[in-house]
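Novice: Dropping a structure here in structure tokens format, bear with me for questions.
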Amino acid sequence: MKIPSIYLGPLCLFAVITQLSFFVISNFTNDLKILKSSVTCSQSQSLFLNPKVQIIGLSLQESWGRWTDAAIFSQGAKFTTDRPLPRKFILEFNAKAFGPNAQGQTLVKVGNKSHLIIVGSEYLSPYRLEFDSVNFGARSIVITPPIPISPNKTNPTSVDTRLLGVGFSSVDLVSASSTFNSFLRGCWF
């Protein structure tokens, strides 16, 4: 069964942000920079039965999605659920890389299993990774870009000091496990 995607765009009618644990924005010369954020999301239909997902390491929302920001979480992006992930599943996402990250390998890790992929730059592209025999009890998916870099390092006129790596517009988890019917469903962050 395919579990619907996280929607990273401006509207998400099915999502409820259940907790915003720490969110600090500082303004330095008209440059918004998130210092640290942690958002917990859950689908609104059945908060008790559905897994909650905590997401850290993603920057401010843009019209197409969100970038990983190493200034927030040095390892990239981390999706952690309140219950163990299935031992076998497929992770599907649409992504693009910023600058030199397109030439390096991005690490996608779940428990004791990992994949190295090259995420292309400029345009969002689909990716599909199979995970099998993930260690029992694994609850996190960590996506680590190779070379997080600030836009002001690639363009001196930019005031953007975020450390960008990989950008996501959607993330899907496809599993035969009925426990995860709503994992990462309709979550806006």
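Novice: Using 31 Å as the Cα-Cα cut-off, could you pick out the over-long pairs in 52/109; 113/153; 88/153?
Specialist: The answer is 113/153; 88/153.
Novice: For region 82-116 and region 133-178, compute the distance between their C-alpha centroids and round to whole Å.
Specialist: Cα centroid of region 82-116 versus Cα centroid of region 133-178: 8 Å apart.
Novice: Could you pull out every residue, at least 5 positions away or on a different chain, whose amide H is within less than 5 Å of the one on residue 118? Hs are placed 1.01 Å off N in the peptide plane, and Pro or chain starts have none.
Specialist: Here 106 satisfy the definition.
Novice: Counting other Cβ atoms within 10 Å, keep those with at most 10, restrict to DSSP loop, and tell me which GluC sites (Glu not before Pro) in region 83-132 are left.
Specialist: Loop-located and lightly packed - 122.
Only the coordinates and a few stated rules stand behind these numbers; no lab work does. Please read these numbers as outputs of a predicted model, since none were measured by experiment. Positions of Cβ are backbone-derived with ideal geometry, glycine not excepted, and every protein chain shown enters the neighbour counts.
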